[in-house]
Amino acid sequence: MCSSDLNPQTGETQVAGDLDLDRVVSAEGLILPRNIGGSVRFKMLTTTRGLDLTNVNIGKGLYLDSLRSTDGLDLTSTAIGGGIYLGSLESAQGLSLPSIIYGDLNLKSLNSTAGLSLPATIGGDLNLHGLQSAEGLVLPNAVGGNLYLNSLTYAEGLTLPQTVRGGLKLDSLTSAM
């Protein structure tokens, strides 16, 4: 449950809690409030075409769980106080992330590092479970939670972060070369 208010200074709508847009399949014409105190959830959105998150402040997480590609999703000017969840994303081509992610970054279905530029710091877990090669992968300097690289079979070219505060998951690793 969330409440919605009109910001007296700007005249814009702001949402104090979560904004659940579970059945939205197209973002064309969608105008989001600039301030959302909780999370933003799109369960059925498969493309970011028309989705404008420029200068949107999200207090908690951004859930875009059904996206397979980003179509140039730019989150560099989006303030996100929690995690970013892109669990179905297969390609990071055109994805621009903020310089710091305070929560988790879930890219568990990503199968290539092409176009992937990770922030310097991730405050929670970094899930790259589906990545099979470390070629071209530049990891953040610090990961505040677990680092999931479960599908890597060899570590050639892999440079680990200076700090991983949680666990390091390399379940499929068969060779360090």
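The values are calculated or read from the model by the stated rules, or taken from the named source; none is laboratory data. Note that the structure is a prediction, hence the values are computed from the model and not measured. All Cβ positions, glycine included, derive from the backbone under ideal geometry; neighbour counts span all protein chains shown. Surface areas here come from the heavy atoms of the whole protein model, side chains and all, with no ligands, DNA or RNA. Shrake-Rupley method; radii C 1.70, N 1.55, O 1.52, S 1.80 Å.
Its residue count N sets the reference 2.2 N^0.38 Å, and the alpha-carbon radius of gyration of the stretch 39-113 equals 0.97 times that reference. Computed with a 1.4 Å probe over protein heavy atoms only, the accessible area of E90 comes to about 80 Å².
Model label sites at N57 and V25, defined 7 Å from Cα along the beta-carbon direction, differ in position by 3.5 nm.
Couplings for the stretch 145-161, taken from phi via the Karplus curve 6.51 cos²θ - 1.76 cosθ + 1.60 with θ = phi - 60°, read x, 7, 10, 9, 10, 4, 9, 5, 9, 9, 10, 4, x, 7, 10, 6, x Hz in order; Gly and Pro are left as x. Figure legend: label point modelled 7 angstrom from the Cα of S66 along Cα→Cβ; residues of the stretch 26-52 with amide N under 15 Å from it are 26-28, 41-49, 51. Net charge in the neighbourhood of L45 (other residues with Cβ under 10 Å of its Cβ; Lys, Arg +1, Asp, Glu -1) is +2. Using a probe of 1.4 Å, the accessible surface attributed to S77 totals some 50 Å² when neighbouring protein chains are kept in position. Based on Cα contacts under 8 Å between residues 6+ apart, the stretch 22-177 shows a relative contact order of 14 percent. Of all lysines in the structure, those lying under 22 Å Cα to Cα from K43, and not within fewer than 8 positions of it along the same chain, are K60, K108. When the surface is traced with a 1.4 Å probe over the full set of protein chains, I31 keeps roughly 150 Å² accessible. Rounded to the nearest whole Hz, the Karplus-based 3J(HN,Hα) values (6.51 cos²θ - 1.76 cosθ + 1.60, θ = phi - 60°) of the stretch 90-101 follow the sequence 9, 9, 9, 4, x, 8, 10, 9, x, 6, 9, 10, with x at glycine and proline. Under 5 Å from the amide H of L139 lie the amide H atoms of T159, each residue being 5 or more positions distant or on a separate chain, with H modelled from the backbone and absent for Pro and chain starts.
Over all directions, the projected convex hull of the C-alpha atoms in the chain averages 10.0 nm² in area. Using only alpha-carbon positions in the stretch 73-177, the gyration tensor eigenvalues give semi-axes of 21, 15, 12 Å once each is multiplied by 5 and square-rooted (largest first). Surface analysis of the chain yields an accessible area of 50 Å² per residue, using protein heavy atoms and a 1.4 Å probe.
Taking the Cα centre of the stretch 62-131 as origin and assigning +1 to Lys and Arg Cβ atoms and -1 to Asp and Glu Cβ atoms, the resulting dipole is close to 60 debye.
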